[in-house]
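Only the coordinates and a few stated rules stand behind these numbers; no lab work does. All values derive from a computational prediction rather than experimental measurement. We place every Cβ from the backbone using ideal geometry, glycine too, and count neighbours over all the protein chains shown.
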Amino acid sequence: MRRTIPPAKVYPKCPVEQALDIIGGRWKCIVLFHLLTNPVLRFGELRRRIPGATQRMLTLQLRELERDGCLERKIYSEVPPRVEYSITEFGRTLKPVVMALCAWGMEHALEKPTSLPAQCTTEVAAF
């Protein structure tokens, strides 16, 4: 005889889960880091700074961050089209979290990078 499993109780999301809903993508924290350390970046600049992300994945992550209010996208009606991304006030509230991740990564990296981006060492030192 099969036993049925009772349905799980629905609890409000825990704060960690809520935070991960916003920053929990493969490239989101990296995008946030670059936008926190640079006032405005164009899509191509972000793409060059994050070479491991495909264009499609980067676009999806940027759209989700925009939807969640972490960044702002400004579209210029030019040929070719120009799109710039900047961090919002809400996105700036994530700076301590992103910088703490950067500091933790520098301290516990399995492979010590030969050279770190200047903004990483500067920002983490200031943190």
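Residue order for THR54, THR59, fewest other beta carbons within 10 angstrom first, comes to THR54, THR59. Given their separation in residues at 0.36 nm each and the Cα-Cα distance between them, GLU89 and ARG42 gain 15.0 nm when the chain is fully extended.
At R0 = 41 Å, how high is the FRET efficiency between GLU17 and VAL79 if r is their beta carbon distance? Nearest 0.05 is fine. Walk me through the intermediate numbers first.
Details: r = 44 Å, r/R0 = 1.06.
For GLU17 and VAL79, the calculated efficiency is 0.40.
In order along region 80-92, the phi-based Karplus estimate (6.51 cos²θ - 1.76 cosθ + 1.60, θ = phi - 60°) of 3J(HN,Hα) comes to x, x, 10, 10, 10, 10, 9, 7, 8, 4, 4, x, 5 Hz; Gly and Pro are listed as x. Can you compute the label reach from MET106? Point 7 Å from Cα along the Cβ direction, backbone N cut-off under 19 Å, restricted to region 29-47. Flagged as within label range: 29-39. Taking the charge dipole of region 15-126 about its Cα centre, with +1 at Lys and Arg Cβ atoms and -1 at Asp and Glu Cβ atoms, the residue from VAL79, VAL16, ILE50 reaching farthest to the positive side is VAL79.
With +1 assigned to the C-beta of every Lys and Arg and -1 to the C-beta of every Asp and Glu, and no other charges, what is the dipole magnitude of region 15-126 about the Cα centre in debye, to the nearest 20? Intermediate results must be reported in sequence, preceding the final value.
Numbers: 15 positive and 13 negative charges, 79 e Å.
Rounded to the nearest 20 debye, it is 380 debye.
When ASP21, ASP68 are sorted by how many other C-beta atoms sit within 10 angstrom of their C-beta, beginning with the fewest, the order is ASP21, ASP68.
Rounded if a/c is under 1.5, else prolate if a/b is larger than b/c, else oblate: which is region 15-126, with a ≥ b ≥ c the root eigenvalues of its Cα gyration tensor? Because a/c hits 1.5 or more and a/b exceeds b/c, region 15-126 counts as prolate.
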